Structure formats: structure tokens, C-alpha cells
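Heads up, the thing below is written out as C-alpha cells.
No lab work stands behind these numbers, since they all come straight from the coordinates. No experiment lies behind these values; they were computed from the predicted model shown. Positions of Cβ are backbone-derived with ideal geometry, glycine not excepted, and every protein chain shown enters the neighbour counts.
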Amino acid sequence: MFGDYSISDLSSIFVMQGFAGLILFSVFVLMALGLAIIFGQMGVINMAHGEFMILGAYVTWMTSNFFQSHLPSLFAGYFFVAMILAFLASGALGMLVEWGLIRHLYKRPLDTLLATWGLSLILQQTYRSVFGAREVGVELPEWMMGSENLTDTIQIPINGMFVMGLTVLITIAVAYIMFKSRWGRQVRAVVQNRVMAGAVGINTEKVDRYTFALGCGIAGIAGSAFTMIGSTGPTAGQLYIVDTFLVVVFGGAASLLGTIASAFTISQAQSTLEFFLSGSMAKVLTLLAIVGILMLRPQGLFAIKVRK
Amino acid sequence: MAEEYEKGLHSPLRRKLLMGMAALPALSLLPRPSLADVPTSVVNTTGLAVTDSEVTVGILHSVTGTMAISETGSVEAEKLAIDQINAAGGVLGRKIKFIQEDGASDWPTFAEKAKKLLVNDKCAAVFGCWTSASRKAVLPVFEQYNGMLYYPTFYEGLEQSKNVIYTGQEATQQIIAGLDWVNKTKGAKTFYLLGSDYIWPRTSNKIARKHIEGHLAGGKVVGEEYFPLGSTQFNSVINKIKLTKPDVIYAIIVGGSNVAFYKQLKAAGIDLSKQTLLTISVTEDEIDGIGGENIAGAYACMKYFQSLDNPNNKAFVPAFKKMWGEKTVIGDVTQAAYLGPWLWKLTVEKAGSFDIDKVAAASPGVEFKGAPEGYVRIHENHHLWSKTRVGRARADGQYDVIYETADLVEPDPFPKGYQ
């Protein structure tokens, strides 16, 4: 396969391929972080996760339009404003959904699956009615497009590096909130033993609501970031939901570290296989491997021992 | 005639009208917009939903679900055509009334709704379907209940039915002229074939490969790859393209993947003003989602572009925007959908009847001189003779038309030597 190419060609391709794998890794982590909190910490199977992401994408699109028509001089920086707004919008919707729907179903985890799936259909049709059935194009400021030339032959996509940076930041923030802050301690206490947590004075309902909102808000940021690399349409959330669950379940539902490790494994396997095989075959082999490993280790890569 | 009157007028007015029948010769001088010139019993012998003043047709597309993105434009075009036909006096003097059903991006639903339109509503024609999967699902229904379907999408070919008129291109019409053009003007020899993983891109790439290897001097395929529908990650294949340095990237990617592909191509530093990319799956509709700045410079091979410079199109584009908004764009399939109602009207008037069998038999040879793409004619095989064109994407989301075939290209749904 590589006989015809020069060493310098090959080495620059391998560098770029390495970056492609890392970018895919960041995309996976970003997709999965919100769900890892909701599914991992609260045990809620949120099938509408993709639609929370797309809400973030639509908020970004609206912000971009607003800046273009009202504040064109600040357009270069609109994306940061858009991400904050996306976080707030998706988080607020998450809070509303938790209050109106999820909290009534905590004792019936399988019913949350159906309820949130219904919610995802409702949200899709709402987007279609509000924003139209067609996809919308989100315009990016000039500096976020194109690539950085490391050498003459090595080009690294700027939006990919942006996603990587963002992922690192958000992962650190989430880890800090969950493991260092007082509120994170409360969340973990509620997860481990809801009754005891309530007994020592933690407002478990409030903790639930904010945890769910945090997960949805992160989904909103992810959706906002993905306008750089993917499409924004009423059903675009469906493109992400399978990969997202795959990463979270494979990693071990309750473990943030597991999510990261699993995103890394899957993304590297997939991007390497994609390079040597075709896109469809790479996906098939990756899925087969995951199924095989989950059969041997149903709890996922990392599992926390929890007193039931 | 008297029979027609009795059917239509069960009101107190009837007696007065009957009394006035003596004055009928004078009445006939007045305009009679609601009364058809030809008796319904003559033009409708098989019990279709045709009255003296109205004829019912069906529109069957997805307006919900994942395909709504693509099918919305077709619905809009068909409604515009029906509006215009009605304003011009209708079909055989009868106004078109349409019943719209939603296929909901679900193939069994398409079949069910098709049956409803044919069996319950007795539609004289149905304009609809978009994906090949939905067409395959309704085909047995149309053949069993003898309906007439006008199908707008460019597709893989390998099909022909008495009950379907294909107003889009079959694969060879879209592929071969484009490859010849890129070979001749760009001297392109090496091709990297890409596609979403389902029947249309696979069949199209198969034809493309046969043509490249068999008919282009020095033609060579250096890669061929497919991605699951909805894939959003293309960085690995983009690296492979960088490694193999093909003269042409030949891309048949559809749906949300399209957006991801072109954004990542641009982000990876592949400059479409230098790297030739030829696609048969990106119309003006798709560019709306992709963003013009991400795809500017790419070539597309279609039969229609919104920017086409001819009198028909100059009337069509403003009419479409007036009805559906200044911001809407018109892609190849939208135009093909617009042809459906017009071709049906012309065929019915040629046949002098709404009967399905007579319409099917009269279809070959029907020509539509008012087509926005210029001129089309129905072939014996129920596909259209039409020109093939190459356009180059601009940053504003429109195409510059840079090449068109000198003659109409013959539709060939079962191409010999390409299967």
C-alpha cells in the first residue's frame, strides 16, 4: 500500500492521522461528558441528549445571525458568547424537563428511556416547526476556518484544535465540580445513598435538578462546538446519540475516567481502521470489538463499586 | 350535457336554470369557468376523482422526519406548478385539487399513504417520493391499483414502470457527461470515489468506475470508499486523499454527512480552487446547510442550476421566491418536481383523458417547452431526455454554469456494459 510514497509524505500523513485520532477523541469526550453526568451519576437514560446538543447548535446559529446584523465588528468573537448562551439555554431546558418529567420517573428507570425518547421526537418536531425543515448553515469567523501549516506538508485543522482545547477545559471544569467542590460531594452522596444523603440534610431534589441541568448544559456547549464540524438541522442530534451512548456504556457508566478512557480507545481504533479500511468497515469492526468486550466485561472498562 | 347538469345542481336554482335552458345557445357565449368542455364520462372512464370542475391529485412527500430536509423543496415546487396550472385554466378545463399526505421518512408509511391516495381518494396522479427506498416501497402499490406516480429525484436507474414517470436523471445521464468533461478540460486521470453507504452512491460509483477505467484515456480509480449514513467524521479519509493526491475527488455523500465532509475538507487545508472536486449530490439546497464558503470552487454535475440563464428559468425563479420567500433556493430536484404536474397536464391533454392507461400510453413524446431547465421530452422508457450541465459553486451558495451538453442526453436506465 505505501510502496509508492516517499518517507516524508508518509511521516507527515502519520502525524496528521495522529491528530485526526485526537480530534475524534475530543469530539467523543465532548459528546459524552454531559451524558456521563446524567446517565452515569443519576442513572437516567436520556434519549433526548442529541436534541439538547442541537438546541445549542441552533442557539449558536441565532447568535451568529444576531452578531452579523447588529454587531458585525465583534463577529470574530461571537462564538464564545454563543457557547455561553448555548450552555444556559440547554441547561434551562434541562431544568424544566427534570421538573416536569424526569423527577416523576426516578424509581422507574426504564420508563425514562421511553419518556425521553418521546421528548426527543417532540423536540425534533419543535425545531422543525420553529426553524424550518431545512438545515441551517452556521457561519464561522474567518480565524476559525482553514488549517495551520506546521510544515509544508503537515496541516492541522484549526477547528479541530479548538474542539480539543475546549474539551480539555470542560473536562477539567467537570472534574473540579464533581470531585473538589462542595456541590460535587453532595451529588456523589446522593448517587451513593439517596436516603442517607437526605437524612444528613442534603436537598436531594435540588441536587438532582442541577445535576441534570449541568449535563444538558454541557450537551449544549458540545452542540455549539459541533457546528464547526457537522450539520445543524432538526434531526442532526440523532447523528450523535449512538456514539454518545457507546462511549458512556463502554467506559463504565458511573466513571468519568472510564468515559475518557473509552472515548480514547474507540476513537483511536476507529480512526486507525478508517485509514487502512473503508469507513463502513471501520465502523463495523469497532462495534464488533465493543460488543465483544462488553460481553466479557458487562460493567464497562471502569466501574465504581456502589452500595446498592 | 343534460346529464352533467343534473349531477351538479341539486338546488332550488335548478328549476330556474332548467327553465332558462331554452336560452342555452345565448348562454354559451358567456365565459363558463367551472364547466368543462369535455364531459366527465368521456375523460374519466375508470372512476378517478374527476368532476366537471375539479380533478384530485396527491402529493406524497416526507414533511416530518429526517428526509423533510430534502423533500420540502419538492413539495413547494409541486404546489407552485399546480397553482400556475390552475391559474392558466386547469387540466382539460378542470381545476386541480391536491391532497397532501406525509410519508414521514418511513418507507412502510409511504406505501400505506400511497394506497390511501389511490384507493380512497382515487387520485388521478400522485407527485411524490424522494429516496429510492420510498419509491421501491410504493411501486407495487402503484402497479397493483394502477396509479400514476411522478418521481422527481435523480436516482440509480435499473427501473422502469408503466406507472411511473421519472422526472429526474437516471445515473448515466448525471455521471458520464460530467466525467467526460472533467477528463477533457482538466486532463483528469486519477479519481478518488467517495459515497454514503447505500444503493444510489454505490450504483453511481460503479457506473463511474466502469466509465473511468473503460472509456477515459489513462483513467484510474485510486480509491473508493463508503461511509454509514450520518457519519460526521472524515479526517481519516481526507488524509488518505492527501496521500494519494487524486486529480479528482468524486463525492456522492448525502444528508448531514455532506455538511461535515465539506467543513472538514476545508479545515484540513484542501483548497477547492486547486483540488478538483466533482459531486452529483450537492444542489443549492444542500449548500444552504454546508455554507457557501466551505464548498466554493467545487464542481457539480446536474441538469438544473438556479442560475441558469434562459427565459423559462427567469420566470420560474421569481415565481418560486414570491410564493415561498425571498431566501429559498432551488436545487436540481426541486426543478424536477416542478416538471411533474406540468408533464401530467400536457399528457392528459394529449391523451384527451384522465384514464391511467391512456396517460401512460400517451406519455412518450410529450414535450414541455416551458421547463425551467430549458426543454424536456418523455422517452419511451418513461424517463426524460434532458441536458447535463456542470456548475461551479460560488461562495454565495449559487453555481456558475460552465458547461452543458450540446444535445439532450438520452435516458438509459439499463445501461449495457455498466452493470
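Within segment A:157-175, identify whether any single residue is under 30 Å from A:S8 (Cβ atoms), part of a loop (DSSP other than H, G, I, E, B) and within 14 Å of chain B (Cβ to nearest Cβ), and answer yes or no.
Step one: filter segment A:157-175 for residues under 30 Å from A:S8 (Cβ atoms), giving A:157-165.
Now drop any that are not part of a loop (DSSP other than H, G, I, E, B), which leaves none.
No; the residues of segment A:157-175 include none that is under 30 Å from A:S8 (Cβ atoms), part of a loop (DSSP other than H, G, I, E, B) and within 14 Å of chain B (Cβ to nearest Cβ).
Answer yes or no: is there a residue in segment B:83-90 that is of a type outside the set (A, V, I, L, M, F, W, C), farther than 30 Å from B:S257 by Cα and surrounded by 21 or more Cβ atoms within 10 Å (Cβ to Cβ). Don't jump to the end; show me each part of the working.
Kept after step one, since they are of a type outside the set (A, V, I, L, M, F, W, C), are these residues of segment B:83-90: B:83-84, B:86, B:89-90.
This time we only want the ones that are farther than 30 Å from B:S257 by Cα, so: B:83-84, B:86, B:89-90.
Now drop any that are not surrounded by 21 or more Cβ atoms within 10 Å (Cβ to Cβ), which leaves none.
For segment B:83-90, residues of a type outside the set (A, V, I, L, M, F, W, C), farther than 30 Å from B:S257 by Cα and surrounded by 21 or more Cβ atoms within 10 Å (Cβ to Cβ): absent.
Just checking, how many residues over segment B:119-141 are in contact (Cβ under 8 Å) with a residue 40 or more places away in the chain and under 14 Å from B:A49 (Cβ atoms)?
6
Give the residues of segment B:229-241 that are outside any helix (DSSP H, G or I), in contact with a helix residue (DSSP H, G or I) (Cβ under 6 Å, 6 or more places away or on another chain) and on the phi < 0 side of the Ramachandran plot, sorted by residue number.
Step one: of segment B:229-241, the residues outside any helix (DSSP H, G or I) are B:229-234.
Keeping just the survivors that are in contact with a helix residue (DSSP H, G or I) (Cβ under 6 Å, 6 or more places away or on another chain) gives B:230-234.
Answer for segment B:229-241, where residues must be outside any helix (DSSP H, G or I), in contact with a helix residue (DSSP H, G or I) (Cβ under 6 Å, 6 or more places away or on another chain) and on the phi < 0 side of the Ramachandran plot: B:S231, B:T232, B:Q233, B:F234.
Hey, any hits in segment B:371-387 for a residue that's assigned to a strand (DSSP E or B) and within 14 Å of B:I176 (Cα to Cα)?
Step one: filter segment B:371-387 for residues assigned to a strand (DSSP E or B), giving B:376-378, B:383-386.
Those left that are additionally within 14 Å of B:I176 (Cα to Cα): B:386.
Checked segment B:371-387: at least one residue is assigned to a strand (DSSP E or B) and within 14 Å of B:I176 (Cα to Cα).
Any idea how many residues of segment A:1-52 are assigned to a loop (DSSP other than H, G, I, E, B), within 14 Å of chain B (Cβ to nearest Cβ) and surrounded by 21 or more Cβ atoms within 10 Å (Cβ to Cβ)?
Qualifying residue count for the region: 0.
Say we look at segment B:232-241 and pick out the residues that are of a type in the set (V, I, T) and more than 7 Å from chain A (Cβ to nearest Cβ); which of these is nearest to A:Y5 (Cα to Cα)?
B:I241
Of all the strands (runs of 3 or more DSSP E) wholly in segment B:48-134, which have at least 2 residues that are farther than 16 Å from B:I356 by Cα and either within 14 Å of another protein chain (Cβ to nearest Cβ) or within 21 Å of the chain's Cα centre (by Cα) (or both)? Lay out the reasoning, then the answer.
On the way: elements: B:54-61, B:95-102, B:126-128.
Qualifying strands (runs of 3 or more DSSP E): B:54-61, B:95-102.
Name the single residue, out of those in segment B:186-231 being within 14 Å of chain A (Cβ to nearest Cβ) and among the small types (G, A, S), that is nearest to A:V27 (Cα to Cα). I'd like the intermediate steps shown before the answer.
The first filter runs over segment B:186-231 and keeps only residues within 14 Å of chain A (Cβ to nearest Cβ), leaving B:190, B:192-199, B:201-202, B:205, B:220-231.
In the following step, the residues that additionally are among the small types (G, A, S) were identified as B:195-196, B:223, B:230-231.
Details: B:G195: 23, B:S196: 21, B:G223: 27, B:G230: 15, B:S231: 13 Å.
Step by step, filter segment B:186-231, then rank; the result is B:S231.
Scanning for something outside any loop (DSSP other than H, G, I, E, B), in contact (Cβ under 8 Å) with a residue 24 or more places away in the chain and under 30 Å from B:P364 (Cβ atoms), does segment B:181-191 turn up at least one residue? Step through it out loud before you land on a result.
In the first step, residues of segment B:181-191 are kept if they are outside any loop (DSSP other than H, G, I, E, B); the result is B:181-186, B:190-191.
Checking the rest, the ones that are also in contact (Cβ under 8 Å) with a residue 24 or more places away in the chain come to B:181-183, B:185-186, B:190-191.
Applying the additional criterion that residues be under 30 Å from B:P364 (Cβ atoms) yields B:181.
Looking for residues that are outside any loop (DSSP other than H, G, I, E, B), in contact (Cβ under 8 Å) with a residue 24 or more places away in the chain and under 30 Å from B:P364 (Cβ atoms), one finds at least one in segment B:181-191, hence yes.
Surrounded by fewer than 15 Cβ atoms within 10 Å (Cβ to Cβ), charged (D, E, K, R), within 12 Å of chain B (Cβ to nearest Cβ) and under 30 Å from B:K242 (Cα atoms), is that true of A:E148?
Values: surrounded by fewer than 15 Cβ atoms within 10 Å (Cβ to Cβ): yes; charged (D, E, K, R): yes; within 12 Å of chain B (Cβ to nearest Cβ): yes; under 30 Å from B:K242 (Cα atoms): yes.
Considered against the rule, which asks whether it is surrounded by fewer than 15 Cβ atoms within 10 Å (Cβ to Cβ), charged (D, E, K, R), within 12 Å of chain B (Cβ to nearest Cβ) and under 30 Å from B:K242 (Cα atoms), A:E148 comes out as yes.
Out of the residues in segment A:266-279 that are buried (at least 18 other Cβ atoms within 10 Å of the Cβ) and within 11 Å of chain B (Cβ to nearest Cβ), which is farthest from B:V222 (Cα to Cα)?
A:S267
Would you mind stating whether A:S147 is polar (S, T, N, Q) and within 28 Å of A:R209 (Cα to Cα)?
Working: polar (S, T, N, Q): yes; within 28 Å of A:R209 (Cα to Cα): no.
It is false that A:S147 is polar (S, T, N, Q) and within 28 Å of A:R209 (Cα to Cα).
Find the helices (runs of 4 or more DSSP H) located wholly in segment A:184-262 whose residues include 1 or more that are crowded, with 23+ Cβ neighbours inside 10 Å, within 14 Å of chain B (Cβ to nearest Cβ) and not hydroxyl-bearing (S, T, Y), and list them.
Numbers: elements: A:194-199, A:204-226, A:238-251.
Fully inside segment A:184-262 and qualifying: A:204-226, A:238-251.
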